[in-house]
Amino acid sequence: MSAPLAEALRAAVRAAAERESWPPETSVPIDWQPGPARRGDIATPIAFAIAKRLGKPAPIVAQAIAATGMPPGVAIEAAGGFLNLTLSDSWCAARLAHLLPEPPGAPERELRLVLADGPLTLGQARLAVLASVLERLLVATEGPIRLRVDNAGDRQSLLETLGLRSATWHAAAQVPASLVLDGQTLELGDLPESAPNWRD
């Protein structure tokens with residue numbers, strides 16, 4: 001949350017510098033600290049550092065910066081050489097919105113492992129491991145995902161040992177082995193189907 005606030009404050013400093021004809025090298029790092037009681041949510045002594053470079057009183061510099069204003073939802077006030085900022089609830093909510101999970105009802109993603117009929121080959125076992133790893137990555141980065149396995153047959157216990165314990169199992173028509181995410185077949189390169197069979 002501090003990044004957009006810092007950028008807004010830097011914009012106010014640039015505007016004050018242009019209006020007051022300050023030299024361009026007045027940009028300094030921004031330090032934050034809790035605001036004084038009933039005088040703001042957050043405060044910064046940046047005006048002191050700028051005033052030192054300019055050879056001007058810090059309260060004058062702070063007032064010049066505060067006079068340029070801040071974005072909607074952020075109030076700025078000069079108090080001596082400090083700048084006190086008060087953040088509205090709507091401004092804070094907007095900054096936090098992207099950190100919250102998607103609301104209930106968001107489309108659930110589906111990862112589907114399609115296996116050919118017959119004994120489980122090394123290539124299909126590799127697909128199963130990839131499906132398990134990809135499921136964990138998607139859950140960690142994007143939230144819940146539905147994992148299903150087509151043509152598991154009597155190989156379910158072996159597939160579970162490869163990490164597919166959370167899958168739902170389905171029978172399907174004979175199709176080439178593949179890994180499908182949201183309806184799109186993933187291009188995984190050559191996975192040998194002629195390797196020795198894996199058995200329960």
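With each pseudo-label sitting 7 Å past Cα toward Cβ, what's the R10-R136 distance in nm, one decimal?
3.9
Could you work out how much longer the chain between R19 and V129 gets when fully extended? Use 0.36 nm per residue separation minus the Cα distance between them, nm to one decimal.
33.3 nm
Within the accessible area of segment 114-188, what % is carbon and sulfur when the probe is 1.4 Å and the other protein chains stay in place?
That fraction is 58 percent.
Taking the Cβ of D89 as the center, what net charge do the other residues with Cβ under 13 Å away carry, scoring Lys and Arg +1 and Asp and Glu -1?
0
Report the gain in length on full extension from L122 to Q33: 0.36 nm times residue separation, minus Cα-Cα distance, nm rounded to one decimal.
26.1 nm
Accessible area per residue for segment 106-184 in Å², computed with a 1.4 Å probe and the full protein assembly in place, what is it?
Heavy-atom accessible area per residue stands at 50 Å².
How much area per residue is accessible in segment 1-73 when the probe is 1.4 Å and only protein heavy atoms are counted (Å²)? Write down the numbers at each step before the final one.
Working: 4210 Å² over 73 residues.
Ligands and nucleic acids excluded, the result is 58 Å² per residue.
The values are calculated or read from the model by the stated rules, or taken from the named source; none is laboratory data. Because the structure is a prediction, the values reported are computed rather than measured. Positions of Cβ are generated from backbone atoms using ideal geometry, with glycine treated the same way; all protein chains shown enter the neighbour counts. The protein model used for the area step is the full one, side chains on, heavy atoms only, and it has no ligands, DNA or RNA in it. Shrake-Rupley method; radii C 1.70, N 1.55, O 1.52, S 1.80 Å.
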